[in-house]
Each structure stands twice: as C-alpha cells, then as structure tokens.
C-alpha cells in the first residue's frame, strides 16, 4: 500500500468512524457479551456468576419456554405463508392497468406506515368481542364472532389477522419485481395461447422467485421475533399465556424477573432456530429460484 | 488538501455532536446557587406529581445547602433505575415500591439507611407498623415511606337500593357478599319470543343451568379490575409463602380461594363473563380512568379498590352515591379487617453521589407537616402514627378513616417479600386464567405452580446463601460519611 493509499484509507476510516464506533460499542460488544452472560447467573445489578450450561439445561425443563416457542412457531408458520400470498395477490392486482392504480397502491401501503402502538390500539377496539367492528360485521351475516382477545383459542389467530394488515412492505417489494418482468415474455405466451393462470404460474412466479425468496427469509426472521403487537395488546401473554411469544418471554426474563443470563441464553437459542430455518428455506427453495443471467 | 480533509473529519464529528446535543435537549438547568444538587427520580404525573413538587419546593426553600431537582413522570422507573444503577450513574433519590426494595437490596443495589435513620431519631413507633416493616428487608432499613394505600370494598348505593338492599349496609362476610352479588346481578334472557331483564335469583333452575343469558349488570366480579388476583387468598386466612424458604401455592386456603373464583364462571358462564368484560375493555388502565369504568357506569355494584378511587369517582362519576368499608373475609370472626396494603417509598440507590444529602430530603418528607401536605395532595392517608385532626377535616375522601383503620389491622397484608414475586405472580395469574376458563380444577392448577416457583425460590436462596455473610457485613459496616 502506497503512502497516498494509506492516507486515503485513514481518512476514509475517520469519516466512517462514527458508525464503526457505534457498531463496535452497541452491536459487536453486546452480542459477544451476551454469549458470556448466557453461561452466567446474571441479574444486571450484581456481578455475573459462571454457572456453565445451567441456563440452557433449565430451558429444557421450563414449560413456559416451550409454550412460548410453540406460540411463536404457530404464529410464524401461519402468518408467514398468509402474508406472502396475500401480499403477492394484492401486488398482482395493483400491477394491472386499472383506473386510480396509484391511489389503491397508497391505500394498501398506508397501514404499514402506521406506528405499531397506534395500530395495536386500533386493533384492540376492532377485535373487541362485544363492540368491535369485526364482530359487528360478522353479525350482519349472522355469524356470532368470538371473544378475539379474551378467549385463548382466538388470541393467536387475532394477531395473525393483524399481521395481514401490515403486509404493505412485502407488497411494495413484489410490485417492484413484477414491474421488472419483461412484457415480451407475456406477449410470446399470449401468442402461444396461454391464459392468465398459465402466465402467472410459468412466467410471473419464476421471474419474481428471487424476490419471493427474499420476502420468505425476511418473513422468517421477522415473524419469529414478533414482540410489539403482542406485548402492547396482551401484556404478559394474554389468557393462559396463549399469546406469550418467545421475544416477550425473553423480555420478561431480562427485565421483569431480572434473569439476564437466562434471557441471553434464550436469545442465542432463538438465533440458532432462525439460522436453522433460514438454512432449511434456502436449501429447499434453491432449485425453484431463477436468477436472470443464470 | 490534507488540511481540508482534517477539517472535513473534524467538521463531521462536530456536526454529529451538535445534532446529538440538540436532540437530547441539552438545555441549561436552572441555577442552584452553589448548593449541593440532589437528583430525584419519581414515577408520578398529574396531581400526584404536583403534590410532591410542592413538598420539594418547600424543602428547597427551607434551607440553602441542598437543592433537589426532581425528574417526574418516569415510566417503568424500576427498569430505568436498574440500568442506571448497573451503569454506575443512579439518581440520589428514587421513588419506587417495596417490591423494588426486596429485589434491589438483595443484589446490593441500594444504600442501607439504618445509621442515618438512627441518627435522625426516626423510630418504628412513629409509623403505622406495616408501612415501616415494608421498608425493611433482611433486618436492614432500605427506604422510608412517601405515600401509602390500602384496599377496601367500594359499593354503589343506588344499585343497592334498586335491588331492594339497604344502601348503607355493606356485606359483612364473603358469603353475604356472594348472596348480595346475585341479587345485584341483572341478566337479559329470551323467554318465548320476548327478551326480558331479570335479577339472577329470579331465573329458574333450568335457566341457571343453561346459562343462555347476557350479563347486563354484575354484583361483584373478583376479576374486576383483576390487579391483585393471587392476593385474594388473604381474605381466606391464607398466605403465599411461609416467610422463609417455602411457597404455599397449594395450601388449603389457596385451594378454597381458587374454588371461590371458579364458582363465578360456573355460576354465570365462561363466555357470558368474557362478553361482559369485553363490553368495557377489560383490564386496560385506559378504561379504568374513564367513564367506561364499569363501577362508574353502574355496571358493577361492588369492587375492591384503593384509597385513590374517590379521586376518580369525583372526576368520572361525580353524581355517584357510594360507600367504602373493609372488604369482608370468608371467616370474619377469625379474620376481621383484612386488607392489602402497599406504599410508595423513597430509596437511595447504591452509587448515589450524595447519600447524606439525599437522606436529608427523605427525612424532611417524613416529618408530620410535609407528609400530611403530600398525602393530602395525593388524596391518600398518612403512613405516620400520629395525624392531625385538620388532615382528616380537609381530606376530600369521606371514608379516609376506614382506609387507615384497615391498614392498622393485624390482618393488613402485602405482597410476598422475595425477589421472585414477579415470576410467582405471573404463574398464579396464568393458573387462575385456566381455572376461570373451567379448563382445570384448583388442585390441578396449583401443582405446577408450586413445583416451578419453589424450584426458582430454591435457586434464589442458594445464591443468597452464597453471598449472605458478605452482604450482611458490608451493610452493617456501611457508613455514609
């Protein structure tokens, strides 16, 4: 490296140093420290005491841990496919040449701009078993709606329903991908007599498959870390902890029960679960993803 | 070129610092005129904060050595205090709860006040005993009270009159409360092709069995507001642990209490109760502090509530005719005047810069004059044993002496004093949820709670046993000088 290059490197590093220092202090250090704390009995206020793998062993027998994991996987496995499909359908519809298209696009995207606390408060009322709009609408078609948030059988479906409402970001990414699909492919297919479904199945889906894959991975990561809506709407996990999600239980351990060591261990297990599922998703979808130029 | 690059880097840093300062509101604090400044964190807002601010102002004007700067309205003060103390930069004084004292003192995060209390000549006899006892843990004093509270039965006299009950005679036993509650409960039921409103005792046995009705008004619902569910056991003469090493989640008194809770959905129906609760957004504090509150809107006739209730009644239901009396126990002959008490306390976190000056302020608050001013402003009663007649005369709550009387009772109880109460409380509440959904019997529900929480308590005690001698020595040798 010449003197000039060294100088440029120094200046470059100096310019990005605010970010580097922030990243080291607020991301790298806490992540590394959490590995150490996960092997300690640590309550934040007093010094950590090394306990080996005790926190990990405790997790095996902690029934609430398993319940929170079950709740989270239930939520992720239902909300993720629904959200991917609903967002794709909306994106395909909004990609059609219809009047007022940009207005509709804005309307469907708007919910994802609403702060989560505000939307949660709105949904608390929408889902109210007695005076909620949802049950009122169901009553118009002679269906007796459930007590969405008071009945443990309906708390997770309620939150999944709520997740559908915020698919705007996913939809926008699909929309961008759909606009990149060359029109010539559709025209050739039309000449060959392909109908709308065949075009969608054999042109649209393969052409946007990298984006579907991207949304799938981001969805896995996001849905397994679901926290805010559940915490705001159902506090400690709702009736019989039916909506106690993994991240909520982790937070309770860290800040309510002052078991930071256990919370750190839980965080690492969650990291491994997400890593495993992402790897699985990558492997199982590899053959179905088509990149341009391949 | 090199020079300009350096200027660029410096400028970049300067811009970041400027932006950071701007957004963190780095405005200059008011001058303290060379006095020692005490930082004080408090959770209150509104009229409660105004009352404390008046006492702080009086203290600041009463001398020229110490200046207390209060930061009010701190949400989740316990968590913030934990992080600030762990980070080595706590406030000098913090307003917290006795449960915080338990959790924080054992971990060495609070300053023992014994020597300073002794020097100031403050004694247990100066207080209503229970409020002094809540400030001590492991034989050391960690806090002094600011404002206390106790719970009592509040009842709606108008609804009593409509039900044909004497509006000036509250129930005197839990069984009598249940009978009155049935009388005060109004349901809507379809008879033939008509929807009729009847009182619960007027339903036929078949109708009671079918539970095919809608609850319009309820006499008493133990889940309203549902803030102290496991503590109902005190009204059955039970407790939540033996005070030393064993929890008692499966005691006969606990089972009896849980059977009483279960009798509610068995009588009125799980879904009917849920629908009734959802009609006023159950559990959220937003609906508590509003005209939606079922007690203010004549939907619930009797409720267990604290000394603060009068303040909200005067705000949201000023026309309401109400009364307050001790909540009756299952066996009133053996356990008269049962209540749950709690209080706000002032502590000095470990690492506070000016512990002696901080204690000066706490001592000032605990003098009769400032304490009465604070408690009157917050519409609570004084934790001190001696209170002036003028305090009661000026107090807006006509039943304030009832709250003092129950707080002085030997059956005034508080939440268990151990650091894992949060876990225990959550476990019991989860078990109660299942009981109220009629999914499990009380015996089935408490088994796992007993096992899980005892295991956690054992683990906590093991850790405490390891550091106990060392901590005790450190605390007894602590000298604020």
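The values are calculated or read from the model by the stated rules, or taken from the named source; none is laboratory data. All figures in this text were calculated on a predicted structure; none of them were measured in a lab. Glycine gets a Cβ as well: all are built from the backbone with ideal geometry, and neighbour counts include every protein chain shown.
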Out of (1) modelled with pLDDT under 95; (2) touching a helix residue (DSSP H, G or I) at 6+ places or on another chain (Cβ under 6 Å); (3) more than 30 Å from residue A:181 (Cα to Cα), the one residue A:285 does not meet is (3)
Across (1) surrounded by fewer than 16 Cβ atoms within 10 Å (Cβ to Cβ); (2) modelled with pLDDT under 90; (3) under 19 Å from residue A:88 (Cβ atoms), residue A:166 clears everything bar (1)
Let me confirm something: among B:149, B:132, which residue is outside any strand (DSSP E or B), away from chain A (no Cβ under 14 Å) and under 18 Å from the mean Cα position of the chain (by Cα)? B:132
For segment A:78-88, check the following and say yes or no: at least one residue is touching a helix residue (DSSP H, G or I) at 6+ places or on another chain (Cβ under 7 Å) and within 13 Å of another protein chain (Cβ to nearest Cβ). no
Read through the list (1) within 11 Å of chain A (Cβ to nearest Cβ); (2) surrounded by fewer than 20 Cβ atoms within 10 Å (Cβ to Cβ); (3) touching a residue at least 12 places away in the same chain (Cβ under 8 Å); (4) over 20 Å from residue B:238 (Cα atoms), then give the number of the only condition that residue B:396 fails. (1)
Do you know which residues across segment B:429-457 are within 20 Å of residue B:100 (Cα to Cα) and more than 11 Å from chain A (Cβ to nearest Cβ)? B:453, B:457
Among strands (runs of 3 or more DSSP E) lying entirely in segment B:300-384, which contain 3 or more residues that are touching a strand residue (DSSP E or B) at 6+ places or on another chain (Cβ under 8 Å) and at pLDDT below 95? none
Scan segment A:114-124 and tell me whether some residue there is away from chain B (no Cβ under 14 Å), under 17 Å from residue A:223 (Cβ atoms) and out of contact with any helix residue (DSSP H, G or I) (no Cβ under 6 Å at 6 or more places or on another chain). yes
Tell me whether segment A:214-227 contains one or more residues that are farther than 19 Å from residue A:172 by Cα and in contact with a strand residue (DSSP E or B) (Cβ under 9 Å, 6 or more places away or on another chain). no
Of residues in segment A:30-64 being over 25 Å from residue B:78 (Cβ atoms) and within 27 Å of the chain's Cα centre (by Cα), the one nearest to the other protein chains (Cβ to nearest Cβ): A:63
Quick check: is even one residue across segment A:20-28 at negative phi, within 12 Å of chain B (Cβ to nearest Cβ) and part of a helix (DSSP H, G or I)? yes
Of the residues in segment A:36-55, how many are loosely packed, with under 13 Cβ neighbours inside 10 Å and either in contact with a strand residue (DSSP E or B) (Cβ under 8 Å, 6 or more places away or on another chain) or assigned to a helix (DSSP H, G or I) (or both)? 1
Can residue A:149 be described as within 14 Å of chain B (Cβ to nearest Cβ) and either more than 26 Å from residue B:438 (Cβ to Cβ) or touching a helix residue (DSSP H, G or I) at 6+ places or on another chain (Cβ under 7 Å) (or both)? yes
Selected residue (criterion: nearest to residue A:150 (Cα to Cα)) from residues of segment B:406-428 that are in a loop (DSSP other than H, G, I, E, B) and more than 10 Å from chain A (Cβ to nearest Cβ): B:415
Just the residues that are in a helix (DSSP H, G or I), within 14 Å of another protein chain (Cβ to nearest Cβ) and out of contact with any strand residue (DSSP E or B) (no Cβ under 8 Å at 6 or more places or on another chain), please, taken from segment B:55-87. B:79, B:82, B:83, B:86
What do you reckon, is residue B:403 surrounded by 19 or more Cβ atoms within 10 Å (Cβ to Cβ), more than 11 Å from chain A (Cβ to nearest Cβ) and farther than 30 Å from residue A:62 by Cβ? yes
Boolean, residue A:266 is crowded, with 19+ Cβ neighbours inside 10 Å, at pLDDT 95 or above and assigned to a helix (DSSP H, G or I): yes
Where the second residue is crowded, with 17+ Cβ neighbours inside 10 Å and part of a helix (DSSP H, G or I) and the first is at negative phi and modelled with pLDDT under 95 and lies in segment B:159-175, which pairs have Cβ atoms under 9 Å and are six or more apart or on separate chains? none
When you look at residue A:134, is it in a helix (DSSP H, G or I) and away from chain B (no Cβ under 14 Å), yes or no? no
Looking at this structure, is residue A:219 crowded, with 20+ Cβ neighbours inside 10 Å and in a helix (DSSP H, G or I)? yes
The one condition in (1) more than 30 Å from residue B:438 (Cα to Cα); (2) part of a helix (DSSP H, G or I); (3) away from chain B (no Cβ under 14 Å) that residue A:247 fails to fulfil: (1)
Out of (1) touching a residue at least 40 places away in the same chain (Cβ under 8 Å); (2) over 24 Å from residue A:92 (Cα atoms), what's the single condition that is false for residue A:288? (2)
